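Each reported figure results from applying straightforward, stated rules to the coordinates on display, with no laboratory input. This is a predicted model, so every value here is computed, not measured. Using ideal geometry, Cβ is built from the backbone for each residue, glycine included, and neighbour counts are taken over all protein chains shown.
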Amino acid sequence: MEAKRPIISPKTLSVLLSAAVLFPVFVYPLGRFIFQDGTSAWSNEGLWEWFSDHGLVDILVFTYSQAILSTLLSAGLGIWVAVLITENSKVWWARLLWSFSQVGFSLPAILYVLAYLSVWGRSGVIGSWLLGSFQEFNPYGWTGILVAHTFFNFPVFVRIVGLALLERNQQEEKAALSLGASRWIVFRTMTLRKGWAAIRESSALSFLYCSSSFLVVLLLGGGPRFTTIEVAIYESIKMNFDVGAASLLAGCHLLVFSLLYLSLSPSKRDVNRFSGEERMKLITFRPSIRRIHTVLMLFVVMMIAGLPLLTLVASILPHWNQLPWALIGWATSITVCLAVVSGVIATILSFCVAYLGYTTSSLKVRRMISLLSSLPVGISTILSSAALWHAYPRVVDHFAFSFFAIAVLQAIGSLPLLNRIFEVAFSRIAKSWRWTARSLGASEWQLLLTLEVPLMARSFLLALVWGVAFSLGEVGCVLVFLSDHMTTLGLEVFRMMGRYDFVGANVIGVWLLALMMVLYAVFARLEDEVQWRST
Amino acid sequence: MALNLNGLSYQIGSFCLTQKDPISLPKGKMIWVRGASGSGKSTLLQGLAGFIVAKSGSVQLDSVDLTHLPAERRRVALVFQEAALFPHLTVEENVEYGLRVLGLPRHDRQTRSQRILKDLEISELANRYPQEISGGQAHRVSLARSAIMDYPVLLLDEPFAALQVSLRAQLTDWLFHEAERKGWHVLVASHDPLDSTRVAHQILVENGSFSMTN
């Protein structure tokens with residue numbers, strides 16, 4: 001008795017599904033936007049005009065210099081926190097910081113901007129005092145951009161470097177110590193070398209994210225001197241109606257992103273399982289210095305992350321009875337519907353892309369898939385939305401079309417993150433399981449449905465939660481597509497900030513934060529279970 | 001029915017394994033694939049199972065050429081050293097896995113799995129998950145999962161390496177009798193010697209080549 005031959009293989013279906021979503025919504029509009037709509041800008045005269053008059057060089061220099069500085073700051077804080085978490089993995093504050101690193105990484109930019117301004121802004125708790133004491137204090141510009149980028153990116157280092165340090169095999173280090181090597185030599189020659197791939201990977205991610213930052217720079221930049229490529233694209237389209245300029249900027253950014261990605265993309269890390277043994281101290285300090293060291297680190301994290309979020313929540317307490325429930329209800333229903341649809345699309349799409357990478361043996365093709373799935377890190381949703389809007393201008397005329405355009409674009413925006421969840425899940429499926437199943441007669445479909453999908457069930461839920469979380473606070477696509485009478489929570493915060501109604505913005509911001517917290521709680525539970533199953 | 005190997009060669013990276021002389025293995029016998037660690041025993045078994053593409057040569061079972069058939073259509077079962085039980089399925093579901101993908105009715109699957117679990121003295125484990133059983137028990141489950149398929153070729157890659165001597169002897173006996181009774185070709189890769197009374201032939205793998213020895 002032999003199993004029936006399938007009409008279409010899962011790999012072919014994955015290619016078709018991915019292409020059906022990515023090509024019309026992302027690849028074609030972006031390609032057209034850069035190469036067709038901006039033809040005049042790409043001519044010699046157009047390029048010269050841009051280089052000489054429009055300050056393209058200034059924009060490029062600012063974009064990448066702020067990205068380098070933000071990455072350095074995030075790396076400094078993130079590695080510091082990661083080392084202390086590794087050494088104190090059983091202490092409450094280390095667990096709290098570990099959980100927080102999830103929140104920081106994925107909190108909507110608009111929420112953090114609100115939280116930051118409620119502490120460091122001109123009328124913020126500390127900002128107003130600083131302004132009174134130091135006339136030159138300015139929470140916007142470099143200060144705001146760097147602090148906000150550090151907030152979003154240090155958790156990337158905590159997660160990736162921390163995990164590499166936690167999962168490293170310590171036997172070799174113990175062997176080296178027993179052979180007389182000092183702790184410093186062991187740290188320098190073994191620990192650091194093992195963590196290097198993780199540091200490289202997180203630096204690349206952080207740099208790429210900062211170089212395509214949009215909302216943080218738009219809201220905290222505070223002037224034309226602080227314009228990144230993404231902000232310049234938004235302004236070119238929305239204010240100057242200069243598509244050529246926007247396409248030139250997008251082309252430059254895409255080129256730099258691809259080159260950087262290919263040169264910085266991480267090599268495969270050797271992941272060991274949690275050994276459960278007592279963690280060795282990475283560097284030896286006297287207990288008193290160690291204590292000061294820890295308190296100092298907690299203080300910095302508190303100033304950047306904890307205090308702004310707590311202040312934001314506290315700021316709305318006097319206004320509880322004035323909550324605009326009708327507006328909140330309306331915006332919440334659209335936001336949640338959008339997030340769920342986007343989460344489902346993102347989960348299916350990222351699974352298909354990860355499956356393609358997993359089943360492809362050619363290294364070149366795998367690298368290409370990896371580059372494509374990482375493109376949304378370097379292309380903000382504002383750029384992809386602008387491109388889609390230009391390719392299909394009538395989309396905005398219909399609510400249903402706009403709704404699905406936003407949902408799909410947000411799904412594509414979360415692709416790099418979700419793809420990683422599935423990549424990790426696939427890497428946990430032992431080759432011997434696959435081979436055993438195949439030698440027992442399982443076809444590719446049966447392998448997928450009876451082995452791979454059931455083993456990855458939690459990862460599907462995890463991806464769905466992330467997909468929903470990403471969409472909940474996203475503003476870029478909504479800004480381009482949603483009409484005036486429609487709104488989401490993120491967009492409403494943005495609009496209120498534009499009207500300087502910070503009380504209203506804070507109230508809706510805290511409501512959005514509460515929704516995010518529910519998702520984080522689900523996520524933390526799922527992550528624990530995935531961890532348990534994998535060990 | 002004989003398993004014929006002719007002029008085979010497999011390449012993994014810079015390592016190449018080639019066949020010296022033609023080999024014809026009679027059915028119902030146990031064959032010991034011997035050689036030092038890293039000599040290429042696993043490569044040979046994985047090649048025969050269809051997981052490594054042969055650079056040259058052929059594998060024929062009776063008159064059927066298996067060389068270019070994908071692993072799932074060869075009817076060659078491979079048992080790994082690490083048992084490789086599917087962690088999300090119970091012992092019984094693991095054993096029934098191959099029958100399930102073939103589309104056998106539930107009742108038939110259960111009858112056959114209960115019989116083989118009883119033969120290997122692991123009936124009481126039927127509802128347990130792989131994490132809840134010992135290493136020795138996992139190996140018996142793994143063997144049952146492949147043997148239940150009743151495929152003409154059964155390949156075992158270091159199946160007894162981590163087992164106690166008594167259990168090893170018990171499983172070797174069981175395999176010997178089943179192979180004889182059902183006419184299987186059983187190839188056991190092991191760097192430890194197998195019971196000489198049970199082994200009909202030996203394939204020696206060394207220095208990147210393999211050949212039949214007596």
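One table, with the values for the structure above:
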read-out	value
Shielding score for A:439-452, defined as the mean number of other chain Cβ atoms within 10 Å	6
Reciprocal of mean inverse Cα separation for chain A (Kirkwood radius, Å)	24.7
Gyration tensor verdict on segment A:57-191 (Cα atoms; rounded if a/c is under 1.5, prolate if a/b is larger than b/c, oblate otherwise)	prolate
Net charge contributed by nearby residues that have their C-beta within less than 15 Å of B:Pro159 (K/R +1, D/E -1)	-1
Karplus (6.51, -1.76, 1.60) ³J(HN,Hα), θ = phi - 60°, over segment A:427-440, in Hz, Gly and Pro reported as x	5, 7, 8, 5, 4, 5, 5, 4, 5, 4, 4, 5, 5, 8
Compactness relative to 2.2 N^0.38 Å, alpha carbon Rg of segment B:88-187	1.03
Ascending count of other beta-carbon atoms within 10 Å, so fewest first, for A:Tyr520, A:Tyr355	A:Tyr520, A:Tyr355
B:Val76 long-range amide H proximity, modeled H, under 5 Å	none
Cα gyration tensor shape of segment A:173-251, rounded if a/c is under 1.5, else prolate or oblate by comparing a/b with b/c	prolate
Under the span-like rule (Cα at least 30 Å along the axis, Kyte-Doolittle mean at least -1.0), DSSP H helices of chain B	none
Within the protein assembly as shown: Cβ-based charge dipole about Cα centre, in debye rounded to nearest 20 (Lys, Arg +1; Asp, Glu -1)	1420
Relative contact order %, chain A, counting alpha carbon pairs below 8 Å whose residues are six or more apart	22
Under-5 Å amide H pairs with B:Lys29, H placed in peptide plane, nonlocal only	B:Val186
Highest to lowest packing among A:288-296, B:149-157, A:146-154, scored as the average C-beta count within 10 Å	A:146-154, B:149-157, A:288-296
Vicinal HN-Hα couplings computed from phi for segment A:337-342 (Karplus, 6.51 cos²θ - 1.76 cosθ + 1.60; Hz; Gly/Pro x)	4, 4, 5, 5, 4, 5
Neighbouring partner chain Cβ atoms per residue of B:61-73, average, 10 Å criterion	2
Environment charge of A:Trp93, counting only residues whose C-beta is closer than 13 Å and scoring Lys/Arg +1, Asp/Glu -1	+2
3J(HN,Hα) from dihedral phi, segment A:150-157, Karplus parametrisation 6.51/-1.76/1.60, rounded to Hz, x for glycine, proline	5, 4, 6, 9, 5, x, 4, 5
Part-to-part distance (alpha-carbon centres) for segment B:61-97 and segment A:140-209, which is given in Å	42
Average other protein chain Cβ within 10 Å of Cβ, residues A:392-404	0
Three-way shape call for segment A:280-397 based on the alpha-carbon gyration tensor, with the a/c threshold at 1.5	oblate
Under-5 Å amide H pairs with B:Leu8, H placed in peptide plane, nonlocal only	B:Gln19, B:Ser58
Projected label distance in nm at A:Glu172 and B:Asn207, using a 7 Å step from Cα toward the beta-carbon	3.4
Ratio Rg/Rh [Cα only; Rh per Kirkwood] for segment A:350-499	1.09
Proximal charge balance of B:Leu125 [Cβ under 10 Å; K/R count +1, D/E count -1]	-2
Lys/Arg +1, Asp/Glu -1 at C-beta; segment B:92-194 dipole; positive extreme among B:Leu155, B:Gln114, B:Gln137	B:Gln114
Least to most buried among A:Cys252, A:Cys477, B:Cys16 (fewest other Cβ within 10 Å first)	B:Cys16, A:Cys252, A:Cys477
Mean ellipticity per residue at 222 nm, deg cm²/dmol - from DSSP H runs of n ≥ 4 across the protein assembly as shown, formula -39500 (n - 2.57)	-19500 deg cm²/dmol
Exceeding the 19 Å Cα-Cα cut-off - candidates B:Lys27/B:Lys182; A:Lys431/B:Lys118; A:Lys174/A:Lys431; A:Lys431/B:Lys55	A:Lys431/B:Lys118; A:Lys174/A:Lys431; A:Lys431/B:Lys55
